[in-house]
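A short write-up of the structure that comes next.
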Amino acid sequence: MALTDIEYQALEDIVGPENISREPAILDTYDQCWGHKAVFDQKFSTRPAAVLLPGSSEECQAIVKACNRYRILFKPFSSGFEIVAFALANERGILLDLKRMDRILEIDVENMHAVVEPYVNIYRLQREAMKHGLVMGSIGAGPSGGVIAGSCCHFGGGTTMVSTGGLGRSVLGVEWVLPTGDVLSMGTAESEMGWFTADGPGPSLRGVLRGRSGSNGGSGIITKASVKLYPWYGPPDIKFTAAPGVPPSGKRISEVPPNYKAMIIMFPSQSAMFEALINIGKAEIASALMGALVFPYGEGNDEQWAVIQQMAAAGISFTQVASQGVALILGSGTQRGLEYKEKCLMEIAGQMGGGPVPIPPSDQAGLFAAAMLHFGFVTAAFRRTGDFFVSPTSDGSPDFMLNLRKNAEQMLKPYMEKGLFQQLGIPEMFVMPGENNSIGFHEENVSFYDPWDPDSLDALRDMVHKSEDPNGQFRSYGVPHLGGGLQIEWVSHVHQNFGPIYDNYDKWMRSIKGMLDPNGVGDWSAYIPAIFP
Amino acid sequence: MALKDFEHDMQRCSRCSYCKWIPFENQQNMDFIKGCPSAARYNFHAYAASGKWNMSYAFLNERIDHSDAFQDAVYRCMMDGCCDVSCKTVQDIEPLQLMYELRKKFVEDGQILPEHMLTIDGLKKEDNMMQGKKVDRGKWAKGIKVKDLTKEKAKVAFHAGCRYSYDEELWPIVRGALQILIDAGVDVGIWGKDEVCCGGRAESMGFAGELTKYADHTLEALKAAGVETLVNPCSDCYQCYKVEYDKIGKKPPVEVLHITEYLHRLIQDGTIKLTKQVPLTVTYHDPCHLGRLAEPWVHWEGKEVKVMGQMICHEPPKQFRRGARGVYDIPREVIKSIPGVRLVEMYRNRESAWCCGAGGGVKDAYPEFANWTAGERIREAKAVGAKALVSACGWCRRNFMDAMEDGAARIEVYDIIELVQKAM
């Protein structure tokens, strides 16, 4: 339902006419994204009633107050590289594109944190932080992912989780425009003491802010956030180079920085690999770590296919490396420290019958950029087949994850054998221990499918039906998806289905939602409504 | 090709937004990482390449019709191709070629900007994009003794291009270039008042028929004059002859060179000597049409095939133009060969260069946007400590000057030809 002229005018008065639109042509650029075909059966989701480009916290606050006054649904987003960024529960909803709020407000070197606005992407902050010997964690969305989106609003996890935790673990305070329009400064920021911690006396609001997987734009707008930074042992500046005529995607960091090492360790079995991952965590030696990060990338798919064929001809089993290989980055402030970590790693690998795979220096540099900065992940996800899907996925103990992996493998294999998903021999499974395994493993089982191939799409839906069946074989592996991911509650009913299975968690979430958003104006598509319709 | 032929590409845009920035691999200074002037200036997603995919798909699905908003987003684009380079670091799709088709479709449907129509009317009547009289086209060369290609044959044809022919302030550049060739003993000629537009800028506005018309004319003119090499001081013309003509199956049967390439040869073989000191710290602005857009056209006929079940490949393998094979080193080598000149690089260079703002009909229809874009480039040039901004295209040169007139920061602006002249 369209906004009335009075409503539209009220919003326009806040941001100015150049920063608001209800033109269908403009609006239809805010309802198309990857994953839509699988979820909505078309490229389009709900067309918003208007799109606004607020330029400040004050404008965000005024917009939210207007939404409460007129009972208009709203949803904010930053880069918008996610299905959950756009989908609205109804057409009387507006989207807030936060592109104009793009400042890095502070890098506090001494206290190792940065304060940013919503449109600052991860790579930009990483590069600025590197100048000061610091870096932030990476996430699977790659370098264009938003710092605030990944930290405060969505599930942000990736290869550096072993040393940095998922981005959600790094939030040190926020400025939060609540769905009522009130502004909450969380943690020490409230007392203007600096943004160094999100917790103060009394109950922490960090769980309410995002929990494990974020509210995906459903509980207001984070207009500023402080995130923890971690040590960077490389140079203050990095440069990607290539021979003349090689396109940017073929560029590599000239070498792995001297205080880092990039390695792949192969193990005789998956269980040996998992056991080693536990011990690597205990030893606290990895800067980045991931099971299976070895799919070869080429300039384009045709070039990539040629490389795969060459590997096969050379007798290199991509499948074996993918299922029993661990990619990891070691880093230290001193050469002695690095030598110690490498020695440790070799000892651990040796105990489990594993050993390093020889990698040419240029490939080591590529592995370093992939593991530390998540270069190549967008290519991996979308160029191969057009789209990807992550399911089943979960967090838990290593044994639990190994068990999930085995079951997932059995379920996914037939689709690949029939050629309905990309045939990788075994499913591509990403295993990422969190915080040196002190919080367990995170695992994602990935299927690469073509949403515009009817058979491939049907297979994907069939697979999702199985992996997300509340009475199916994966019922005991936790709530499906990442809480966000491709979950649109009014399509998938994940919380409705799994709430009763898992301690009625949905009731708590709905209570919090109702308390924060009494008028129900924060879009709940990728979160939860106070009352299920 | 038709808009419909890009449907699969439209579906495959994941909305990663890489098209808004220069490739991550090329990002050096985080204050200069935006790649698309349109997306940077107008903010709504519609102004980025991804937005163009989205609107085109909505249009094909009859969800939207022609509208002022659609038109605005489609035409406020320099067609500079930076988005195309960035997108192709992660995808096998063709954003820039979609833009060509989109504009062609707009023109077919009569959705034409009045300012573009004025320019195209002028082109149809007077064979130039400057709304000048055909009879005045050769005035820039007045007094220079050179072969007339309408009457004589010459090995080298020097094509001044519309901008240089009618922009009097730039005449010293193009006259200087021609004189260098003559003095070097090159068997060179010009068409004078009978020179015509290449058709490239018209094509970029959506008037594809004009490209074909001028391609046919040019091929005949080259043949009649017995030309072996076509030399262009204008990067737009160079790219059009080299790439766009090839794209439509009318590749000239002659060697197509930019003036910097020809000068480079003359410097390398010692024909011209650069001896005078030019004490100046300069930065080089890669013209889009000499850089990423000048990558040779790659003809491909085949079909999409699936390997490994669902991996999308091509039979035969398809080589995408990803921008790295443009002309980048030769202009830099010419600059470096000038005694006293110190070349410093801007943060966005080669295939990631920020556009000057003059392309795609933007200068004709939205001069304030063109000037803003040029102003951003000048800001970058000053940020790297350059005292002068050097380009290799009359359109860039003009737009930088106009931006400064319009309030952009001041910097000395040169064409490479001018620097070479100073050093001779």
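So A:Thr29 clears everything in (1) facing another protein chain (nearest Cβ under 10 Å); (2) crowded, with 24+ Cβ neighbours inside 10 Å; (3) in contact (Cβ under 8 Å) with a residue 12 or more places away in the chain except one condition, right? Which one?
Here A:Thr29 meets the rest and fails (3).
So, in the stretch B:35-57, exactly how many residues are hydrophobic (A, V, I, L, M, F, W, C) and either more than 23 Å from A:Pro17 (Cβ to Cβ) or outside any helix (DSSP H, G or I) (or both)?
In the first step, residues of the stretch B:35-57 are kept if they are hydrophobic (A, V, I, L, M, F, W, C); the result is B:36, B:39-40, B:44, B:46, B:48-49, B:53, B:55.
Okay, now just the ones that are also either more than 23 Å from A:Pro17 (Cβ to Cβ) or outside any helix (DSSP H, G or I) (or both), so B:36, B:44, B:48-49, B:53.
Of the residues in the stretch B:35-57, 5 are hydrophobic (A, V, I, L, M, F, W, C) and either more than 23 Å from A:Pro17 (Cβ to Cβ) or outside any helix (DSSP H, G or I) (or both).
Please determine whether any residue of the stretch B:111-126 is closer than 24 Å to B:Trp354 by Cα and either touching a helix residue (DSSP H, G or I) at 6+ places or on another chain (Cβ under 6 Å) or more than 14 Å from chain A (Cβ to nearest Cβ) (or both). So that I can check it myself, show each step before the final result.
Pass one, the stretch B:111-126, residues closer than 24 Å to B:Trp354 by Cα: B:116.
Now narrow it down to the ones that are either touching a helix residue (DSSP H, G or I) at 6+ places or on another chain (Cβ under 6 Å) or more than 14 Å from chain A (Cβ to nearest Cβ) (or both): B:116.
Yes, the stretch B:111-126 has at least one match.
Yes or no: the stretch A:509-525 includes at least one residue that is part of a loop (DSSP other than H, G, I, E, B), farther than 24 Å from A:Phe77 by Cβ and not aliphatic (A, V, I, L, M).
no
Which is surrounded by 14 or more Cβ atoms within 10 Å (Cβ to Cβ), acidic (Asp, Glu), farther than 13 Å from B:Cys393 by Cα and not assigned by TED's automatic domain parsing to the domain that holds B:Leu96, of B:Asp246, B:Asp236?
B:Asp246
Being among the hydroxyl-bearing types (Ser, Thr, Tyr), buried (at least 23 other Cβ atoms within 10 Å of the Cβ), touching a residue at least 60 places away in the same chain (Cβ under 8 Å) and in a helix (DSSP H, G or I): is that true of A:Ser151 here?
Working: among the hydroxyl-bearing types (Ser, Thr, Tyr): yes; buried (at least 23 other Cβ atoms within 10 Å of the Cβ): yes; touching a residue at least 60 places away in the same chain (Cβ under 8 Å): yes; in a helix (DSSP H, G or I): yes.
Spelling it out, A:Ser151 is indeed among the hydroxyl-bearing types (Ser, Thr, Tyr), buried (at least 23 other Cβ atoms within 10 Å of the Cβ), touching a residue at least 60 places away in the same chain (Cβ under 8 Å) and in a helix (DSSP H, G or I).
Name every residue in the stretch B:315-346 that is surrounded by fewer than 19 Cβ atoms within 10 Å (Cβ to Cβ) and more than 25 Å from B:Tyr262 (Cβ to Cβ), in order of residue number.
Selection gives B:Glu315, B:Pro316, B:Pro317, B:Lys318, B:Gln319, B:Val344.
Scan the stretch B:39-52 for residues that are touching a residue at least 60 places away in the same chain (Cβ under 8 Å) and either crowded, with 24+ Cβ neighbours inside 10 Å or at the interface with chain A (Cβ under 9 Å from one of its Cβ atoms) (or both) and report the count. So that I can check it myself, show each step before the final result.
Here is the first cut: in the stretch B:39-52, the residues touching a residue at least 60 places away in the same chain (Cβ under 8 Å) are B:40-41.
Okay, now just the ones that are also either crowded, with 24+ Cβ neighbours inside 10 Å or at the interface with chain A (Cβ under 9 Å from one of its Cβ atoms) (or both), so none.
So the answer is 0.
Tell me, which residue of the stretch A:339-391 that is touching a residue at least 24 places away in the same chain (Cβ under 8 Å) and acidic (Asp, Glu) is nearest to the other protein chains (Cβ to nearest Cβ)?
Checking each candidate, the answer is A:Asp387.
Need at least 2 residues that are farther than 29 Å from B:Pro253 by Cα, free of Cβ contacts under 8 Å to residues at least 40 places away in the same chain and among the charged types (D, E, K, R) per element, so show me which helices (runs of 4 or more DSSP H) inside the stretch B:63-173 make the cut, counting only ones lying wholly within it.
Working: elements: B:68-75, B:82-87, B:95-108, B:114-126, B:162-166.
Filter on the stretch B:63-173 gives B:68-75.
Just name the residue that is nearest to A:Gly142 (Cα to Cα) out of those in the stretch B:7-38 that are buried (at least 24 other Cβ atoms within 10 Å of the Cβ) and more than 10 Å from chain A (Cβ to nearest Cβ).
The extreme case among them is B:Cys19.
What helices (runs of 4 or more DSSP H), lying completely within the stretch B:185-245, carry at least 1 residues that are in contact with a strand residue (DSSP E or B) (Cβ under 8 Å, 6 or more places away or on another chain)? Spell out how you get there, then give the answer.
Details: elements: B:200-205, B:208-224, B:235-239.
The qualifying helices (runs of 4 or more DSSP H) are B:208-224, B:235-239.
If I filter the stretch B:384-406 for residues that are among the basic types (Lys, Arg), without any contact (Cβ under 8 Å) to a residue 40 or more places away in the chain and farther than 12 Å from B:Cys355 by Cα, do I get at least one hit? Walk me through it before giving the result.
Let us first name the residues in the stretch B:384-406 that are among the basic types (Lys, Arg), namely B:387, B:397-398.
Then drop every residue that is not without any contact (Cβ under 8 Å) to a residue 40 or more places away in the chain, which leaves none.
No, the stretch B:384-406 contains no residue that is among the basic types (Lys, Arg), without any contact (Cβ under 8 Å) to a residue 40 or more places away in the chain and farther than 12 Å from B:Cys355 by Cα.
Check every one of the helices (runs of 4 or more DSSP H) wholly within the stretch A:1-118 and list those with 3 or more residues that are among the small types (Gly, Ala, Ser).
Details: elements: A:5-15, A:24-27, A:36-40, A:57-70, A:83-86.
Ranges flagged: A:57-70.
The values are calculated or read from the model by the stated rules, or taken from the named source; none is laboratory data. Being a predicted model, the structure only gives us computed values, none of them experimental. Neighbour counts are summed over all protein chains in view; Cβ atoms, including those assigned to glycine, are modelled from backbone coordinates with ideal geometry.
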